[in-house]
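Notes to accompany the following structure.
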Amino acid sequence: MVLGYIRILEGSIVMAWRSKRKVMHAYNVTAEIYDGRYSLEQHRKYRKALENVDVSGVNVLDVGCGSGLFFDEVTDKASMVVGVDVSKKLLIKATRRVAKNMHVLQADADHLPFKDGAFQAAFSFTVLQNLPKPQRTLQEIRRVTGKGCKIAITGLKKAFLQTAFHDLVEQSGMQTEVFYDVDEINCYIAVLSA
């Protein structure tokens with residue numbers, strides 16, 4: 001019985017890693033055109049999320065930071081900004097935006113290399129639909145964000161029905177403070193309280 005459970009668990013881990021490797025490869029391939037393709041849309045999301053999350057003087061985590069577009073929005077306000085992504089090529093682009101209070105590293109969103117409560121604000125734009133277990137990702141973001149702190153996430157509308165996205169947020173155990181479904185933005189935006 002235990003051996004069967006271990007095989008199922010190993011199979012699940014292998015499938016999850018394969019899924020993440022596909023995402024990593026896709027973003028590595030499109031890294032050079034990423035900003036041109038997504039910059040306008042991403043900045044719309046950033047501005048909307050930042051209407052409800054104050055980053056002044058706090059440690060900020062950007063999960064799935066991509067090429068670091070979000071850094072432009074928060075660097076001057078935050079105490080420290082850390083961006084993580086699985087795509088090495090996008091992180092190379094992100095390092096071009098790094099200022100003295102910023103850091104980038106390659107990491108899996110489901111296994112963040114930070115202690116509990118290390119950040120006072122976290123953001124994850126256009127990430128959850130790329131992960132095999134988005135609920136696990138939200139738990140991990142919650143773990144590294146202090147109690148009562150704000151977490152802004154998005155869910156791509158073509159990947160999530162609005163009800164499914166609401167269910168995902170509700171199952172995270174976090175409180176939804178603000179929810180946006182704006183026509184000119186291709187994602188739902190939720191600001192949560194950890």
- Residue count, region 163-177, condition more than 15 Å from the chain's Cα centre (by Cα) and buried (at least 16 other Cβ atoms within 10 Å of the Cβ), comes to 2
- Result of the Cβ filter at 7 Å on region 124-135, keeping first residues that are without any contact (Cβ under 8 Å) to a residue 40 or more places away in the chain and partners that are open to solvent by less than 20 Å² (accessible area, probe 1.4 Å), at least 6 apart or interchain, is Gln129/Gly155; Pro134/Leu128; Pro134/Leu168; Gln135/Leu168; Gln135/Ser172
- Note on the structure: Taking region 55-100 and keeping only residues that are farther than 25 Å from Gly155 by Cβ and β-branched (Val, Ile, Thr), one is left with Thr75, Ile92, Thr95, Val98
- Residue hits (region 49-81; within 13 Å of Ser124 (Cα to Cα) and open to solvent by 30 Å² or more (accessible area, probe 1.4 Å)) are Leu50
- Note on the structure: Going through region 79-90 in order, the residues found to be touching a residue at least 24 places away in the same chain (Cβ under 8 Å) and either hydroxyl-bearing (Ser, Thr, Tyr) or under 30 Å from Gln171 (Cβ atoms) (or both) are Val82, Val84, Asp85, Val86, Ser87, Leu90
- Test Val98 against the stated conditions and say whether it is touching a Lys or Arg at 6+ places or on another chain (Cβ under 7 Å), open to solvent by 10 Å² or more (accessible area, probe 1.4 Å) and either of a type in the set (Phe, Trp, Tyr) or more than 24 Å from Glu177 (Cα to Cα) (or both). no
- In region 135-163, how many residues are of a type outside the set (Val, Ile, Thr) and either on the phi > 0 side of the Ramachandran plot or out of contact with any strand residue (DSSP E or B) (no Cβ under 8 Å at 6 or more places or on another chain) (or both)? 10
- Query: Would you pick out the residues in region 102-134 that are among the acidic types (Asp, Glu), surrounded by 15 or more Cβ atoms within 10 Å (Cβ to Cβ) and more than 24 Å from Glu73 (Cα to Cα)?
  - Reply: Asp110
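The values are calculated or read from the model by the stated rules, or taken from the named source; none is laboratory data. Given the structure is predicted, the values throughout are model-derived calculations rather than measurements. Positions of Cβ are backbone-derived with ideal geometry, glycine not excepted, and every protein chain shown enters the neighbour counts. These accessible areas exclude ligands, DNA and RNA; they are computed on the full protein's heavy atoms, side chains included. Shrake-Rupley method; radii C 1.70, N 1.55, O 1.52, S 1.80 Å.
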